[in-house]
Every structure is written in structure tokens, then in C-alpha cells.
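Here's the structure, in C-alpha cells; my notes come after.
The values are calculated or read from the model by the stated rules, or taken from the named source; none is laboratory data. Just so you know, these numbers come straight off a predicted model, no measurement behind them. When the accessible area is computed, the model is the full protein with side chains, heavy atoms only, and any ligands, DNA or RNA have been set aside. Shrake-Rupley method; radii C 1.70, N 1.55, O 1.52, S 1.80 Å.
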Amino acid sequence: MNHRGLLLLLTTIVPGLSAIVISTFYLFPEWAALDRAYRNYEQLSRTGAGARELSIAQSAEVRHRINCFAEGLGVLLGGVIVAIGVHGLCGLPEKTSN
């Protein structure tokens, strides 16, 4: 692999893959917390809890929704970075032997 290919690999593909891995690592626990918060809000609304309890439960659910959105966006943006790097590698000129 030539220097340009190695540079593309180290500056786009590896950071993009690491962004995907890190964001996915944090997405799954946050998704589980969102599910728990949603079930808690649903249970409170069924039992006729007061407005204060519902407001607190709704805030917790919205917080987890925003966190899931942010982590999912990290996964998608990491994929875009990897795609840019792979596109750059595909566009490199081939070596010609003389």
C-alpha cells in the first residue's frame, strides 16, 4: 500500500470505525434505559399518577430518547466517514510496473 492509501486508512477509515464501535457501545445500554423509562411512564399513566410524577417520568424518557438519537447519529456519521475513506481508496491510481 502506498503512502496515500495508508494516510487515508489512518485518517478516515480507522477513526470512522472507532466512532461506530464507541457509539454502538454506548447506544445499547441507553436503549435499554429508554425502554425502562418508557415502561415506567406507561405504568404511571395507567395508574393515574399525579402530574408531577408524570412530568418527571416524561422528562426521563425524553432524556433517554435524546441520548439514543445522539448515539445513533454517531453510528451513522462514523459510517459516512468510513465510506469517504473507502471511496478515497477506490479512487487512488493503480500502480503501474515499468
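Taking the three principal axes of the alpha carbon atoms in the chain, the coordinate ranges are 81, 16, 15 Å, sorted in descending order. For region 50-91, which whole-number percentage of the solvent-accessible area (1.4 Å probe, protein heavy atoms only) is attributable to carbon and sulfur atoms? Carbon-and-sulfur percentage of accessible area, whole number: 70. Grab the DSSP H runs of the chain that are 4 residues or longer, score each as -39,500 (n - 2.57), total them, divide by all residues and round the 222 nm result to the nearest 500 deg cm²/dmol. Result for the chain: -29000 deg cm²/dmol, rounded to the nearest 500.
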